[in-house]
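Comments concern the structure below.
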Amino acid sequence: MNDIPITTNPPEKQPAAFSPTSHRTNEVLEYAQQKGLMIQPSALELLSTKSDYVQILDALSLENTFIITQAHVERKSPRASDGSSSPESIPSKPKPLAAEYSPNYRILNHLNYSGSSESKGKALDFLHLFQDKYTFLHAELKDRGYQPKSLAKIDRQGRDTEFDIVVMVSEKKNTKNGHVLLAIEDLEGNAKALIPASDTELIEKAKRLTDDDVIGMKVKMARQGELLIVKEFSWPDLPQRKPRTSDIDLGLVVTSDIHIGSKLFLRPWWEKFIQWMNGEVGSDSEKARVGKLKYLVIAGDCVDGIGVYPNHINELEVKDIYEQYNQFQSYIQQLPEHLELFITPGNHDPCRWHDPQPPVMKEFVPELYAQKNIHFLPSPSWVEIEGQKTLIYHGSGLIGGMFAMNIPPTKPEEVIKELLIKRDLMSVYGTKHPYAPEPKAYMLVREHPDIYIGGDNHYNAYAQYRGTTIINNGCWQTTSAYAASKGFIATPGRVPQFLFKNASLRESRFDKADPAPPTPEGGIP
């Protein structure tokens, strides 16, 4: 990756190139300060040419616009109202390459939770959820070569005959003799299955088994009783594939966990990212590369929310959820118009905590809902972007998987791999994270994703697994005391980009003014 020479200053200081040099510039800055507004340098330069800058700023203030951009000023003054310079007289930036392309995406609504719950919280809802999960994964395992027998009919099998079953694990126990004993079930019956201690390879593999896994097994009947002896087992898994590439030279930029409203929110770093997306910082070659970014995914926790964890209120800078979203909305409106945005919720956003989560509600971001290039999706959600099937999941359920599979918080990509192998983002039901018993199992990985995008644990991590590029985002805040007490480490201000042409990743860093260390081109860092 090329170095990024970012030298912008925090918002309370104007960069030297835009220092006040005229009487009107001073007036604009003073009036904006009175109104509680922040002005980007290009907007300040334009406003300084306007005799009606007071009316323009008043109008934008009434719209709850928090940070004034050149686009805001131009929208309020499409023509020069006096003898001063018009917007056309200000040198325009080169048109980004991405602006020359129409967006090419398809939201896969048949795989996504609509936001309208069909669950009544009854026992039947739970039954339907697990039946749907089992039925889908049963079919996937049959496609992998299993010819399963029903557990209700295993007594017809000979003692030394090997046969296949597809089952859901309801309980796993380690015996005092080193065996692994499984309670298993299918739609017609249940049984016990033993993985012998003597099969060390299978015992090691069984460490990754968790309750609610659907697996295919090759078994035979024990010589005494109804116990099944496991000879082999496997999960539904993804097929072996090469990463999908595209002829188009465009990119997808990814982030999550902004946490606007928190005292820990790294506002200068986030605003540096906004400037970078607008091609206002960086070398010419860096600006050209940024100009190829056509899509942006924000995978949840847009704001910090209210009362999400113990003593959360004491770590809030903004204690009004609507004001948190006003600031988020204002920032998003500063992004280039040629970007196509996909935004999903997280556990800090004000929607139900249970997965699947519905989209962020319109009442919080009405102006963004009015923009055709911004799409609010549930979590998890599926969207096909430039032919790449993209699975977006904030990742709240990953914590349960980490504990269940004994994977450290600094290895989120390992948990994601395991859930792709199991074809189910619902790690273990009823433990660390709640799941709503919708009749359709929306947490299933029903397609073969080309890209997986997640966040939640605030740690940047990347991997390739069977043709799927795994991207786990960091965040835009420092580590809270609560998160630190749970062993989590944040990597804030790091932004990955996926390049469609060669299915490669790059990472840009906004955590310091110095250039970021290079990341190898064409590979996972």
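Given a 1.4 Å probe, how much area per residue of the chain is accessible, in Å²?
Result: 43 Å² of accessible area for each residue.
Given the pairs 120/372; 142/220; 292/486, which are separated by over 27 angstrom at their Cα positions?
Beyond 27 Å between Cα atoms: 120/372; 292/486.
Any idea what the dipole of the chain comes to, in debye rounded to 20, about its Cα centre with Lys/Arg Cβ at +1 and Asp/Glu Cβ at -1?
1280
Can you list the residues of segment 319-337 with backbone N under 18 Å from a point 7 Å past the Cα of residue 362, pointing along Cα to Cβ?
326, 329
Tell me, what HN-Hα J-couplings in whole Hz come from the Karplus equation 6.51 cos²θ - 1.76 cosθ + 1.60 at θ = phi - 60° for each residue of segment 406-419, using x for Gly and Pro?
6, 10, x, x, 8, 10, x, 5, 6, 5, 4, 4, 4, 6
For a Förster distance of 30 Å, can you work out the FRET efficiency between the beta-carbons of residue 322 and residue 372, rounded to the nearest 0.05?
Computed FRET efficiency for residue 322 and residue 372: 0.80.
Where Rh is the Kirkwood radius over the Cα pairs of segment 269-347, the temperature 10 °C and the viscosity 1.306 mPa s, what D in µm²/s does Stokes-Einstein return?
Rounded, D is 111 µm²/s.
Take the alpha carbon atoms of segment 295-310, find their center, do the same for segment 202-273, and report the distance between the two centers in whole angstrom.
Rounded to whole Å, the Cα centres lie 22 Å apart.
Which ³J(HN,Hα) values, rounded to whole Hz and listed in residue order, are derived for segment 230-241 from phi using the Karplus coefficients 6.51, -1.76 and 1.60 in 6.51 cos²θ - 1.76 cosθ + 1.60 with θ = phi - 60°, glycine and proline given as x?
7, 9, 6, 8, 7, 8, x, 6, 8, x, 5, 9
Would you mind computing, in nm to one decimal, how far apart the modelled labels at residue 187 and residue 220 are, each placed 7 Å from Cα along Cα→Cβ?
Each label point is offset 7 Å from its Cα along the Cβ direction, giving 3.0 nm.
With a bin width of 10 angstrom, please list the P(r) values of segment 331-468 as percents of all Cα-Cα pairs, from the 0 bin to the one holding the largest distance.
11, 40, 35, 13, 1
Going by the alpha-carbon gyration tensor, a ≥ b ≥ c the square roots of its eigenvalues, is segment 192-238 rounded (a/c under 1.5) or, if a/c is not under 1.5, prolate (a/b greater than b/c) versus oblate?
prolate
In whole angstrom, and with the biggest value first, how far do the Cα coordinates of the chain range along each principal axis?
98, 45, 38
Sequence gap at least 6, Cα distance under 8 Å: using those rules, report the relative contact order of the chain to the nearest whole percent.
Relative contact order for the chain comes out at 18 percent.
Once neighbouring chains are kept in place and the probe is 1.4 Å, which whole percent of the accessible area of the chain is contributed by carbon and sulfur?
49
Which percent of the Cα-Cα distances in segment 147-265 go past 17 Å?
Pairs farther apart than 17 Å: 63 percent.
Only sites in a loop by DSSP and with at most 16 other Cβ atoms within 10 Å count here; which GluC sites (Glu not before Pro) in segment 112-213 make the cut?
Passing sites in segment 112-213 are 118, 162, 188.
Taking 7 Å along the Cα-to-C-beta vector as the label spot, tell me the residue 123-residue 176 distance in nanometres, rounded to one decimal.
That separation, rounded to one decimal, is 3.5 nm.
Each residue of segment 483-493 in order: what ³J(HN,Hα) in whole Hz does its phi give by Karplus 6.51 cos²θ - 1.76 cosθ + 1.60, θ = phi - 60°, with x for Gly and Pro?
Values, residue by residue: 5, 4, 5, 9, x, 8, 10, 8, 10, x, x Hz.
Just to confirm my numbers, what's the Cα centroid distance between segment 322-362 and segment 111-138 in Å?
Cα centroid of segment 322-362 versus Cα centroid of segment 111-138: 26 Å apart.
In nm, to one decimal, how far is the residue 285 label point from the residue 249 one, both placed 7 Å along Cα→Cβ?
1.4
The values are calculated or read from the model by the stated rules, or taken from the named source; none is laboratory data. What you are looking at is a predicted structure, and each value in this text was computed from that prediction instead of being measured. Here Cβ is always computed from backbone atoms with ideal geometry, including for glycine, and neighbour counts include all displayed protein chains. Just the protein is used for accessible areas: all its heavy atoms, side chains included, with ligands, DNA and RNA removed. Shrake-Rupley method; radii C 1.70, N 1.55, O 1.52, S 1.80 Å.
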